[in-house]
Every structure is written in C-alpha cells, then in structure tokens.
Amino acid sequence: MKALRELAEDAEDAAALARFAKRYATGEEETVPAAVVDRLLAGEPPLRVWREFRGGSAAQLASAVNITPAHISKLESGRGEPSVSLLKKLAHALRVDMEALVGSTDKPRNLAKSVTVE
C-alpha cells in the first residue's frame with residue numbers, strides 16, 4: 001500500500017511539474033533569483049527590492065504610476081503608506097501581487113503572481 005501511495009504522489013508531482021513547465025513556456029510563470037527572496041526575507045523594503053529586480057529606477061516607476069520620485073523614495077524608506085489605489089498601480093507596474101509589496105508577515109506568502117525561486 002505504501003509503494004502504491006508513493007507512486008501516486010510521484011505521478012502528482014510529475015503532473016504538477018508538467019503544468020509548471022507549460023505555464024513557464026508561455027510566460028505565465030517566472031523565476032525569481034534566491035538573492036531577491038533573501039532580501040525580502042531579510043526585511044528589505046519590498047517596493048525597492050521588486051523595483052530593482054525589475055530593473056527600473058525610482059523615476060521610471062514613479063512615472064509609470066503618476067507620482068513623484070520623491071514619493072517612491074518615501075514609500076521605499078517606510079516613511080509613508082500607499083493608498084490601496086496606489087498599491088494596485090505599483091503592483092501592476094512591477095508585475096507582482098499587492099501582498100508582495102506590503103512588507104513581511106508571520107506567514108509565508110506568494111511573492112509574485114506566479115514565481116519560482118531559481
């Protein structure tokens with residue numbers, strides 16, 4: 001019975017991997033370097049970590065969401081809280097879920113819409 005259960009689990013794992021590979025090939029999944037995850041887990045400001053990972057400057061992100069670079073700096077340094085509306089815009093611009101920008105919690109969470117650590 002144990003061997004049969006292990007075979008079923010292996011089949012489920014193989015199916016999950018095949019689904020991931022298909023989504024990855026179509027761009028629905030992405031990988032995130034371990035260094036990015038480490039920075040987030042270390043408590044660095046998520047907005048800054050994701051902006052830098054995406055390769056944008058504070059000015060570019062500010063322009064994308066129609067605020068000033070100074071406002072981005074304020075948010076990244078923790079001296080301000082974005083409105084829900086702004087948080088949605090930032091998340092969209094950075095291609096992450098809003099929750100990924102809200103800082104750390106006690107519970108693990110998905111860091112991006114669909115990511116895998118490389």
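The values are calculated or read from the model by the stated rules, or taken from the named source; none is laboratory data. Bear in mind that the values here come from a model prediction, so they are computed numbers and not experimental data. Counting neighbours? That spans all protein chains shown, and the Cβs are built from the backbone with ideal geometry, glycine included.
What are the residues in region 1-41 that are assigned to a loop (DSSP other than H, G, I, E, B) and touching a residue at least 60 places away in the same chain (Cβ under 8 Å), if any?
If the condition is that a residue be assigned to a loop (DSSP other than H, G, I, E, B) and touching a residue at least 60 places away in the same chain (Cβ under 8 Å), then Glu28, Glu29, Pro33 are the ones that fit.
Kindly evaluate Ser63 against the criterion of being within 24 Å of Leu41 (Cβ to Cβ), hydroxyl-bearing (Ser, Thr, Tyr) and either at pLDDT below 95 or surrounded by 14 or more Cβ atoms within 10 Å (Cβ to Cβ) (or both). No: the conditions fail for Ser63. Just one of the listed residues (Glu52, Glu29) is in contact with a strand residue (DSSP E or B) (Cβ under 7 Å, 6 or more places away or on another chain), surrounded by 14 or more Cβ atoms within 10 Å (Cβ to Cβ) and closer than 16 Å to His92 by Cα, namely Glu29.
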